[in-house]
Amino acid sequence: MDFDLIVRGGTLPDGRIADIGVTGETIAAIEPELRGPARSEVDARGNLVSPPFVDPHFHMDATLSYGIPRINASGTLLEGIALWGELKPLLTHEAVRERALAYCDWAVSMGLLAIRTHVDVCDDRLLAVEALLDVKKTVAPYIDLQLVAFPQDGFYRSPTARENTIRALDMGVDIVGGIPHFERTMADGTRSVTELCEIAAGRGLMVDMHCDETDDPLSRHIEQLAYETQRLGLQGRVAGSHLTSMHSMDNYYVSKLLPLIAEAGVSAIPNPLINIMLQGRHDTFPKRRGLTRVKEMLALGIRVGWGQDCVLDPWYSLGAADMLDVAFMGLHVAQMSSPADMARCFDMVTNVNAAIMGLDHLGLAVGKRASLVVLDAGNPIEAVRLRPERLCVIARGKMVAERTKQETRLSIAGRPAQVNRRHKTA
């Protein structure tokens, strides 16, 4: 077989060493050694070859806007929401588009080739919706970009949010979003979950809802989301994002709640960088850290992925489009320290996130799309530990980013001339 590209001798996440042959945009072969000719080759020997990184929860309409019109002085979620309200009237189509495209450049450089972004529909201009639909078309050759219609000021609380949500979906936005805990009452939040799920069911769409992003243990909209998922036959198409109130819930109630989520096939998307930064702000000590019950969910077979959420915006002053930063923080806060758990954290920001987003064409297998990343690491655990350089990023069979391996020279008597933080365990 003739190939357009062969990635030679890389280590796959399962430990196999193999050549990957690419024809067009598709992985055509994965074998210990491919002998067929290729138009080009990538030498991946000694390095990890991974599926692309995937982010199932982001806010691209706000990204890279940090400091406009001011900085979030308290660092709280509520001030971030207020600051976003100040920023929205200042937005222009071109500014949103250019910041989003700049972020997508960052993403490609980090091997992040699929992103689900929530876009605020509470601005009657739907300016950000139009801008991100434009961005989606622009980046389609190298990034899978999904848009969520997100009534950020509340589906009922904001006077035109319901109408704007429908308008955004009619314009081509992919997924139905919501924020029930931000409605005026718990009852309104519950009603919003029901109506938004009915809209999604009627249109054959997926649902991804900001759910219970609060320290209030009585914020329990995930229960309603699981119920509506089963009632409307949406199993496998629904995600609850954040779910931070669960860190404060009564253990007995959680023992009932988690099986309901598992039974309904609802996915969970915690966002560890942002959750631990924004939650617990009213606590003194002991201080809650804001992450939902990840290990308990995993133990019940609930599909859990890690999301990035924010980069340089009203809510978060850091970030680098690096999903390994997200996995690294999630590993620590969820105390996923066993070898199996650490490897699982890598899988969560690649294969699991792709599954949550319904991207069945991604993955390292024959017949899948030829989108992959070569990392300066020996295995998935080392990748999470080091958050290493992406030596090569391939999207749809084409190289879209590359970087030479960086070595540090030492000038210390009696020590090696170079240092490398990769480490072979016994």
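Assorted remarks:
- For the chain, the share of DSSP beta bridges that are antiparallel, to the nearest 5, is 45%.
- Counting only protein heavy atoms and a probe of 1.4 Å, the accessible surface of region 228-332 is 56% carbon and sulfur.
- Whole-percent pair-distance distribution, where bins are 5 Å wide, for the alpha carbons of region 339-411: 3, 14, 19, 23, 20, 12, 4, 2, 1, 0, 0
- Volume per residue for the chain equals 166 cubic angstrom (convex hull of Cα atoms).
- A simple rule links phi to the HN-Hα coupling: the Karplus curve 6.51 cos²θ - 1.76 cosθ + 1.60 with θ = phi - 60°, which for region 339-346 gives x, 5, 5, 5, 5, 5, 4, 5 Hz, with x for Gly and Pro.
- Carbon/sulfur fraction of accessible area - region 89-207, other protein chains in place, 1.4 Å, %: 54
- Magnitude of the charge dipole for the chain, about its Cα centre and with charges confined to Cβ atoms of Lys, Arg (+1) and Asp, Glu (-1), is about 1080 debye.
- P(r) tail fraction, region 68-151 - alpha-carbon pairs more than 15 Å apart, %: 62
- Note on residue 295: lysines with a C-alpha under 27 Å away, same-chain residues under 8 apart excluded, are 256, 287.
- Apportionment of accessible area to carbon and sulfur, region 36-76, percent (1.4 Å): 53
- Global form of region 285-418, assessed from the alpha-carbon gyration tensor, a/c cut-off 1.5: oblate
- Farthest toward the positive end of the dipole of the chain, out of 197, 211, 400, is the Cα of 400, where the dipole comes from beta carbon charges about the Cα centre.
- Within straight-line cross-link reach of residue 398, lysines at Cα separation under 25 Å, skipping those fewer than 8 residues along the same chain: 136, 137, 368
- Accessible heavy-atom area order of 412, 199, 269, highest first, probe of 1.4 Å: 412, 199, 269
- Hydrodynamic radius of region 185-298 by the Kirkwood approach over all distinct alpha-carbon pairs: 14.3 Å.
- Accessible area of the chain divided out per residue, in Å², using a probe of 1.4 angstrom: 41
- The figure for residue 405 is an accessible area of roughly 90 square angstrom, using a 1.4 Å probe on the protein chains alone.
- Mean-position separation - Cα centroids, region 14-72 and region 377-410, in angstrom: 10
- Magnitude of the charge dipole for region 82-161, about its Cα centre and with charges confined to Cβ atoms of Lys, Arg (+1) and Asp, Glu (-1), is about 160 debye.
- Charge dipole of region 111-257 (Cα centre as origin; +1 on each Lys and Arg Cβ, -1 on each Asp and Glu Cβ, all else neutral): 360 debye, rounded to the nearest 20.
The values are calculated or read from the model by the stated rules, or taken from the named source; none is laboratory data. For clarity, every value in this text was computed on a predicted model and none was experimentally measured. All Cβ positions, even for glycine, are placed from backbone atoms using ideal geometry, and neighbour counts span all protein chains on display. The accessibility values were calculated without ligands, DNA or RNA, using every heavy atom of the protein model including side chains. Shrake-Rupley method; radii C 1.70, N 1.55, O 1.52, S 1.80 Å.
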